[in-house]
Amino acid sequence: MAFNKKDKISTSFRSLNILFFAIAMIFMISIMFIVLRSTSINVAKDYAELHSSRMLGVLNTYFSGEIALVRKAAHSNAVIDWFDDENNPEKKLSAYNEMMGVINELKGKNLYIGIEKTFSELSVDTNTAIEDLEPFATLKPDYYDDAWYFDCALSEKEYQLNVDIDKVLQRKLIWLNYKVVKNDIVYGVLCTGMEFSSVIAGLFAEYDDRNVRTLVIDENGYIQMDSAIEGYIHYSVDDRYLIADEFHDVMFLSAIDSHLNSIDGYFNMDSPTIVLEKESGQFQYATIAPINATTWSVITLYDSSMLFNMLAFLRLISAMLILFVIYIVATSVVSQRYVFKPFENLYEKMDQQNRTIMGSINYAQKIQKNLLPTESVFKAAFSDYSIIWKPRDVVGGDVYWAKNFAQGTLLCVCDCTGHGTPGALLTTLVVSAFEDYIDEHNCTDTAGIIWNLERRLVSVFSRESDEDNLMNKDGCDLAVLYIANDGNVHFSSAHTNIFVSDGKEVQQFKGQRIFVGQGLIKAAEDIKTIHIPANPNNKFYIASDGLTDQPGGESALPYGYKEIKTIILENHHEKQEVISARIWQAFEKWHDGEERVDDVELITFSK
């Protein structure tokens, strides 16, 4: 039987359709599993992070409230004065009234007292009369039960948390030991207990999910609470075990170790998410996040096996349906324009939208640059200076501001939460706060400026819903310096380091461990002011954490401070612009072309 030309064309067309269908089927089945796994990872990661954020919301509020109350007593001048003069009845009465107010807010908990001068140990509660406030023991360095006092008094940290297990009453108490210190002089320690067992048990029960396991670990990696065990809490010291005893995934343990070495107990950081492969071939997804104002952390593990199986079935059905539709469309459409024209129109529309968005962002960059002080301000104030301001994106969350007064210059260097457009929006609020407050008060009080910014940001963020405000992490790190015309400098700093080199050594003034904008600063007096006497050889360097925290090198570790201080000292005789350029060159070499993780800001000057 002979085929005419029309039959051959028709047969060829049908053959090509069948071939296309077969190839498409094989291709879709091959990539289906890749897409499936990627989707399950994202869904599981989001679920684990949501569960972790719910837990942290309650835990942060609980710990922060208790610590803030004891801090109130520890920072009280009345308490400090009595610790310094224990036998003075007037000072004792003032301190007693201050502590009773705190005890009432602590809902009747005991407050244990250790005094440095006499090593007296006292106890006060709601039933303690002023005449009964007398030492009941003497603290001894070699006595085990007194270790709480000496460990805290000698620690570099303001406070410590330690765990006490009562096997008989089946309770786990967390003791908060808070150092009473002023001008680097230790006057004593205040201590109170928090019964954390009921809080954790209720919280674990509320968010019970068989696919989720939640653990609370301390700064040494010991598991203090575990939703996988009955009652959630270990009551026997012998039962305490390290996270490394429970998990053996090297990447997971490395991430936990890195996390424990980096938390400082004062603000929340981004929570890393790690994938753990189980022996069954399925996966767990783990998030790690610090509990605010403590050195403890919450680990949330999500088992994706059920999700993975469900998604596999749904993806298979979806892929088959999509493939069938594609086949019908491909064999039905004759004209090429019915396939490609819609995509061309879509591309043109997306391209136009992209140009519009980029135009808006570029204009935002112009606005942000106009927020920065002009070169003339720095030229009038300093004999030598340099400025490195490099947002990670077109705009960023780093900003600096300066104003000249008759007797000196005010300089503010600020790193707002985030980068890109959100960070840039926050910088406009910060600069506005600077200008309004300083213009109104003609103010050179560096601590007062930070305190005003704290109140301004808290006022803005408090307009959010209660749920959003509970998880608020917005705010900024900053340093505010006043440089007098005679060369004397005083400054206040929140999480921002200042380096001063005189050519012989580099001094590093660490920023105070406070985070502006979260409402954790209770009074202007909580913000310290540091004075640096005039020295014609002094050169100053202020950098945002985008410079020091950038990972790089073979081990992908943070850049840190060591290299920066070395370059500053070795090149002290050079101009500021040369020194800054060499710091930047070393930084670029460190991250070796890898994408920067944050905005970078480096301001240097000499009087």
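The values are calculated or read from the model by the stated rules, or taken from the named source; none is laboratory data. What you see is a predicted model; the values in this text were computed from it and never measured. Counting neighbours? That spans all protein chains shown, and the Cβs are built from the backbone with ideal geometry, glycine included.
Among the numbered conditions (1) under 25 Å from Gly418 (Cβ atoms); (2) surrounded by 13 or more Cβ atoms within 10 Å (Cβ to Cβ); (3) without any contact (Cβ under 8 Å) to a residue 40 or more places away in the chain; (4) of a type outside the set (A, V, I, L, M), the only one that Gly519 does not meet is (3). Tell me, yes or no, whether segment 411-424 has at least one residue that is over 24 Å from the mean Cα position of the chain (by Cα) and either crowded, with 17+ Cβ neighbours inside 10 Å or in contact (Cβ under 8 Å) with a residue 40 or more places away in the chain (or both). Yes, segment 411-424 contains at least one residue that is over 24 Å from the mean Cα position of the chain (by Cα) and either crowded, with 17+ Cβ neighbours inside 10 Å or in contact (Cβ under 8 Å) with a residue 40 or more places away in the chain (or both).
Kindly indicate whether Glu505 is surrounded by fewer than 19 Cβ atoms within 10 Å (Cβ to Cβ), at pLDDT below 90 and among the charged types (D, E, K, R).
So Glu505 fails the test.
The residues on offer are Glu554, Glu563, and the sole one that is in a loop (DSSP other than H, G, I, E, B) and among the charged types (D, E, K, R) is Glu554.
Could you tell me whether segment 521-533 includes any residue that is closer than 30 Å to Met251 by Cα and under 17 Å from the mean Cα position of the chain (by Cα)? Outline the logic, then answer.
Initial filter on segment 521-533 (closer than 30 Å to Met251 by Cα): none.
No, segment 521-533 contains no residue that is closer than 30 Å to Met251 by Cα and under 17 Å from the mean Cα position of the chain (by Cα).
Given the condition touching a strand residue (DSSP E or B) at 6+ places or on another chain (Cβ under 6 Å), at pLDDT below 85, of a type in the set (Gly, Ala, Ser) and on the phi < 0 side of the Ramachandran plot, answer yes or no: does some residue in segment 114-137 qualify? No; the residues of segment 114-137 include none that is touching a strand residue (DSSP E or B) at 6+ places or on another chain (Cβ under 6 Å), at pLDDT below 85, of a type in the set (Gly, Ala, Ser) and on the phi < 0 side of the Ramachandran plot. When residues of segment 386-410 are filtered for being free of Cβ contacts under 8 Å to residues at least 40 places away in the same chain, surrounded by fewer than 20 Cβ atoms within 10 Å (Cβ to Cβ) and under 28 Å from Lys607 (Cβ atoms), how many remain? Residues in segment 386-410 being free of Cβ contacts under 8 Å to residues at least 40 places away in the same chain, surrounded by fewer than 20 Cβ atoms within 10 Å (Cβ to Cβ) and under 28 Å from Lys607 (Cβ atoms): 4 in total. The C-beta contact set for segment 104-118 (first residue under 12 Å from Ala153 (Cα atoms), second residue at pLDDT 85 or above and among the hydroxyl-bearing types (Ser, Thr, Tyr), distance under 6 angstrom, 6+ apart or interchain) comprises Gly114/Tyr149; Glu116/Tyr187. Counting only residues that are free of Cβ contacts under 8 Å to residues at least 40 places away in the same chain and part of a helix (DSSP H, G or I), segment 425-442 holds 12 of them. Count of segment 214-243 residues, restricted to those that are among the hydrophobic types (A, V, I, L, M, F, W, C), at pLDDT below 75 and out of contact with any Lys or Arg (no Cβ under 6 Å at 6 or more places or on another chain), is 2.
Tell me, yes or no, whether segment 405-414 has at least one residue that is in a helix (DSSP H, G or I) and not aliphatic (A, V, I, L, M). No, every residue in segment 405-414 fails to be in a helix (DSSP H, G or I) and not aliphatic (A, V, I, L, M).
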